[in-house]
Amino acid sequence: MKTNINVLNVLLFLLLINFSSSAHPTGCSYDGTLTSTGLYTCDLGSYTAPLAYSSFSSPLPQRLKITGVTGTFTSQLSGFSSFSTGSFDANYPASLELECLSSNSLTLSSVSFTDMGYLQEVKFSFCNIVSLTSGMLSPFGTLNSLRFEGGSIASYSNSFLTGLIVEPVTSTPEPKGELVIRDCTITPTSIPAGTFDVLTTVKSIRVENAGVTAVDSSLYNLAVAVDDVSLADNSITTLDSAVFSSLKGLSDINP
């Protein structure tokens with residue numbers, strides 16, 4: 001029993017060190033319970049913008065969640081280009097989640113994520129995105145996972161993914177190569193030709209409960225590495241029999 005108590009005391013001591021040693025801006029909090037590289041959560045209305053990379057340490061903000069996001073999201077992040085991939089904790093992906101105020105809209109621009117090329121996974125939660133224009137997400141470079149969950153996308157170009165690579169990133173603990181749009185209404189509701197043309201190395205494309213009414217018959221023609229497709233819980237009444245014909249490695253489909 002004494003040994004168990006001693007072990008518990010050591011663990012509590014290490015946990016207290018983990019909480020106390022992190023440095024971050026006012027308006028951000030650090031969850032050190034998530035073992036070595038925890039999660040920084042910053043509320044957009046509580047810190048002084050821009051959120052500066054240099055304000056974080058012990059550990060660095062490899063995992064970052066920004067809450068209360070609304071309005072125009074530009075010039076909100078600063079200095080993150082200094083993040084060296086050599087400093088990553090290999091147990092976790094380098095990630096960013098924007099969690100929006102669900103009743104408000106979010107305006108993005110081509111410079112919203114200029115410094116964020118180190119990221120491996122990006123998630124938009126409950127965001128009512130005004131527009132996704134051509135190349136807007138290209139500053140991310142290569143992503144293991146791109147997710148839009150909840151909210152809406154009021155307008156998107158069929159080239160909004162231009163300049164972005166989505167593929168399994170082998171340096172992450174769980175290589176995925178996924179694009180997920182779930183419970184997020186998109187317009188146009190008929191996904192046009194070319195939308196997924198740049199996703200030549202993506203493995204999974206899941207567009208679920210997004211209000212989709214139709215997809216172009218050539219939509220997946222260049223996404224030749226895909227082995228998992230889902231269009232579940234949409235309003236598609238007919239689907240061209242040839243729409244998946246180019247996906248030779250397709251092993252899972254949920255139409």
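Remarks
- Förster-model FRET efficiency, 30 Å R0, Ser190 and Thr26, C-beta, rounded to 0.05: 0.05
- Note on the chain: dipole from Cβ charges, positive end direction compared against Ser204, Phe88, Cys127; the farthest Cα belongs to Phe88.
- Peptides 73-79, 45-51 ordered by packing proxy, namely the average of other Cβ atoms within 10 Å per residue, highest first: 73-79, 45-51.
- Rounded to the nearest 20, the size of the Cβ-charge dipole of the range 28-187 about its Cα centre is 160 debye, with Lys and Arg at +1 and Asp and Glu at -1.
- Modelled this way, with points 7 Å down the Cα-to-C-beta line, the labels at Ser78 and Thr213 are 4.6 nm from one another.
- Taking the accessible area of the range 135-215, probe 1.4 Å, and keeping the other protein chains in place, the carbon and sulfur fraction comes to 51%.
- Probe 1.4 Å, accessible area per residue of the range 28-187, Å²: 38 Å²
- Rounded tilt (10° steps) of 2-21 against the dominant C-alpha axis of the chain: 70 degrees
- DSSP beta bridge pairing in the chain, given as percent antiparallel to the nearest 5: 10 percent
- With DNA, RNA and ligands ignored, accessible area of Thr170 (1.4 Å probe; Å², nearest 10): 120 Å²
- Sequence-separation-based contact order of the range 120-214, relative, with Cα cut under 8 Å and 6+ spacing, percent: 28 percent
- Estimated from the Cβ-Cβ distance and a Förster radius of 45 angstrom, the FRET efficiency linking Thr114 and Leu239 is about 0.70.
The values are calculated or read from the model by the stated rules, or taken from the named source; none is laboratory data. This one's a predicted model, so the numbers in the text were calculated from it and none came from an experiment. No Cβ is skipped: glycine too gets one built from the backbone with ideal geometry, and neighbour counts run over all protein chains shown. Each accessible area value is taken on the protein alone, full model and side chains, heavy atoms only, with ligands, DNA and RNA left out. Shrake-Rupley method; radii C 1.70, N 1.55, O 1.52, S 1.80 Å.
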